[in-house]
Structures are given as C-alpha cells and as structure tokens.
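To start, the structure under review is shown below, and the notes come after it.
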Amino acid sequence: MRALTWQGKHDVRVDTVPDPRIVNPRDAIIEVTATAICGSDLHLYDGVIPGLRPGDVLGHEFMGRVVETGPGSTLKPGQRVVVPFTISCGSCFFCAQGQFSACDNSNPVEAQEASELLYGHAMSGLFGYSHLTGGYPGGQAEYVRVPFSDVGPIVVPDGVPDEQVLFLSDILPTGWMAAENAQIQPGDSVAVWGCGPVGLFTVQSALLMGAEQVIAIDHHPNRLRLARDLGARVIDYRHSHVLEALLEMTGGIGPDAVIDAVGMESHGFAPDNLLDTAKQKVGIGVDRAHVLRMALLAVRKGGRVSVPGVYGGFADKFPLGALMEKGLQIRAGQTHVQKYGQDLLQRILEGQIDTTFLISHRLSLEDAATGYRNFRDNQDEWTKVVLKPR
C-alpha cells in the first residue's frame, strides 16, 4: 500500500510499505477515506519529538471504512468509522475512569522504558506518533490496523460527508476537552492562545459552554479572522501588548481562564522564546514554553489554566511562583477522545457544531509532503489540510 513515511527532519515521503494485517483478535483493518495533517504532526516534522525512526508511517487523524475484523472486534465490514488518535484497551484502571489517553495496556512493554524515564509512567499508545507511544503505524496511508477496535472507533452514519466528522479523531474533542478543563462558567472571560485548528475548536467550544467573551491571540490575520467569525474578540500580538490588552478587556482583573493551544513551538521574538529556540536548535532544550509562561501571568488570581498544546520534555524559566501565589489550577493532557466522541457526533448531526470552516486545502496522499511544507511555512493561508488516499 501507499503511505506517508517520516525519513528525517523536514523530510516526509509517500512510499510503498507492507499492507497491515490482523495481529490480535480485537483488531480491525480500515481502508482510509480521509486523513488530515495535525499541528502536532509538525512537531514530528520539525524533529522535536524524540523516538521517531526512518520509515515510520505518520498520521493520527483519520477515518475510513472497515474491510476486515478479528474475532474479538465489534465492528462489521462496510461500516464507516472515525478512529480516535489515542489507543485504549477500555478495561484498565484508567480507561474505567474515562481517562482513555492514560491507558495502561496499549503501549507495548518494549516501548515503555523511554516514557517511564521521562515522565515517571509509561504513555499510552498513539497512532503515528513515535516509538514513545508504541510505534504504531499511522493513518496517512491507504490502510491502517486499529487495535482494540471494539473500544475506540466511532461508527458514523452513511450519507454524512467525511469532512463533517473526520475531526472527531482528534482536534474537535481536543478543543472541547481544553474548554472543559478550563471549567468555564457562564459569564466567564476566557483567553485562548493560538488560532490553529485546536485553538479554533477551543474558541467554538468555550462559547458553547457559556463563556461571555472569548479572546483569541495569534498573529496570522486569516486565522484571527476565523476566530472572529466564531464570535471571539481577537488580539494580534505583533501589534498589542498582550498582558495589557487582556487586563483592559477584563476590567483590570484578568481572564477567568486561560488556554494554551500552542504548545512546545511558540513563535515570536520575546527574549525567553529566542533563548528557548536557540536551545531547541542545539538539542539542549525541548520545549519553547513562552505561551504557557504568559498565560500563567495573564490569568486572574484564583483562575484556571488549561493546556491542550503539546509539550514533550522540560521547560525552564517556568513561573512557579505565579502558580502558587495566585492560587491557580492547571489541567493538561492528551485527549480522552473516546469519552467525547458520541456527544460531539450528535452535536455535529444536529448542526450545533461546524467542523468544516477551517479546512483550507484538500490534497491527494501523494501530495502530502507539499501539505506538510505549506502547513508549516504558510500558516496564515494553510489552516487545515485534508488528504485523500484514493
């Protein structure tokens, strides 16, 4: 089959690789009908996530049609499914509590040592996201093997276009959980850094949860326009002092909740970010945490901090004093996609949530390298790329 493979920093290629096959009874094989490039795929593309090997198949946002199942799968050939990027067994201690992205059984034992050393506990399995998370081939391919297919995939009705439901695989539930983690109350002011796909879905979710005002912060005019169209007020950080603007927009108090939808590759020329960037380039630092530092300073005393943006390692100059002295609450984590899938599918079918407004480009799988390059380098115009394997 044809699949997009990682070959090195800024080097991805579509190659012919072996077809997937059923390995365990609960497996299913999916023929991919649509897949997308995620902002967190760019962390792999930029070489800042450890554990990738040349030839690894990328992609964790995908959907398709079931073509083969193991005897333990509950899926049926022919069904259309969206596949969560998190791989979860459904029965361990964490899955039983709805913490599917903390699954204890989906990351193979032989791949657990590195993340245990980094984080104290092994990560769960993720599709197409390095050998820290199991080394599972991803969905930017013609076919993919889906483990624990009786737990994860969301069956979608025939007749619903792929693009309306594809983002149930990651960015829509990630935006939703980011807003939920911010514990939004009616009347709240919420600041969201980053108007990429996750940031935009976070804006949409925060408004649906009753926030009185959502303030979106970015520097790309088109992405800010998309946020404004959703109902957000916006700040272009190139032209405004963000902390002063947030104080002014919240009556001098600060936002009730702040959400970092940027993560480990902050942009801009702030001194701390320039230092982080230099350290990242020479391999002595992993995370450029400028946005998280700013969010902690911006939020009001007693406020809430939500972090859906991906961080992989360590950050210095972290304002730990602000966290303690202001009495902040902070929540983060990979998304428990399986927890939110059915509810969000229903909201899409009822027309409450639009998932298609941010798609800017549709390409064939063979053009995936072009999609990666532009999604990274032309972020104002390339807001979301959907790939069609066939």
Please specify each residue of the range 83-126 satisfying the condition of being out of contact with any helix residue (DSSP H, G or I) (no Cβ under 8 Å at 6 or more places or on another chain) and of a type in the set (Ser, Thr, Tyr). Ser91, Ser106, Tyr119
Being in contact (Cβ under 8 Å) with a residue 40 or more places away in the chain, among the β-branched types (Val, Ile, Thr) and in a strand (DSSP E or B), is that true of even one residue in the range 130-148? yes
Every residue from the range 330-347 that is surrounded by fewer than 19 Cβ atoms within 10 Å (Cβ to Cβ) and either more than 24 Å from Met264 (Cβ to Cβ) or aromatic (Phe, Trp, Tyr) (or both): Gln342, Asp343, Gln346, Arg347
Go through (1) hydroxyl-bearing (Ser, Thr, Tyr); (2) touching a helix residue (DSSP H, G or I) at 6+ places or on another chain (Cβ under 6 Å); (3) modelled with pLDDT under 95 and name the single condition Tyr129 misses. (2)
With (1) modelled with pLDDT under 95; (2) more than 19 Å from the chain's Cα centre (by Cα); (3) open to solvent by 30 Å² or more (accessible area, probe 1.4 Å) as the list, and Arg145 as the residue in question, which single condition is left unmet? (1)
For the range 249-273, how many residues meet the condition of being small (Gly, Ala, Ser) and either touching a Pro at 6+ places or on another chain (Cβ under 9 Å) or on the phi > 0 side of the Ramachandran plot (or both)? 6
When restricted to Gly327, Gly252, Gly283, Gly302, the only residue at pLDDT below 80 and surrounded by fewer than 15 Cβ atoms within 10 Å (Cβ to Cβ) is Gly283
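Yes/no per residue for (1) of a type outside the set (Val, Ile, Thr); (2) closer than 29 Å to Pro54 by Cβ; (3) not in a helix (DSSP H, G or I):
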position: Gly72; (1), (2), (3): yes, no, yes
position: Gly90; (1), (2), (3): yes, no, yes
position: Ser101; (1), (2), (3): yes, yes, no
position: Asn107; (1), (2), (3): yes, yes, yes
position: Gly152; (1), (2), (3): yes, yes, yes
position: Asp158; (1), (2), (3): yes, no, yes
position: Glu163; (1), (2), (3): yes, no, no
position: Gly175; (1), (2), (3): yes, no, no
Residue in the range 204-249 that is farthest from Asp377 (Cα to Cα), counting only those that are open to solvent by 20 Å² or more (accessible area, probe 1.4 Å) and hydroxyl-bearing (Ser, Thr, Tyr): Ser240
The listed residue being in contact (Cβ under 8 Å) with a residue 60 or more places away in the chain, β-branched (Val, Ile, Thr) and under 22 Å from Leu208 (Cα atoms), out of Val337, Val310: Val337
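Residues checked against (1) among the polar types (S, T, N, Q); (2) in contact (Cβ under 8 Å) with a residue 40 or more places away in the chain; (3) crowded, with 21+ Cβ neighbours inside 10 Å:
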site	(1), (2), (3)
Arg2	no, yes, no
Gly8	no, yes, no
Asp11	no, no, no
Asp19	no, yes, no
Ala28	no, yes, yes
Thr33	yes, yes, no
Gly39	no, yes, yes
Please verify whether the range 52-69 includes one or more residues that are out of contact with any Asp or Glu (no Cβ under 8 Å at 6 or more places or on another chain), at pLDDT below 95 and crowded, with 18+ Cβ neighbours inside 10 Å. yes
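The values are calculated or read from the model by the stated rules, or taken from the named source; none is laboratory data. Note that this is a predicted model, so its numbers are computed, not measured. Backbone-built Cβ (ideal geometry, glycine too); neighbour counts: all protein chains shown. These accessible areas exclude ligands, DNA and RNA; they are computed on the full protein's heavy atoms, side chains included. Shrake-Rupley method; radii C 1.70, N 1.55, O 1.52, S 1.80 Å.
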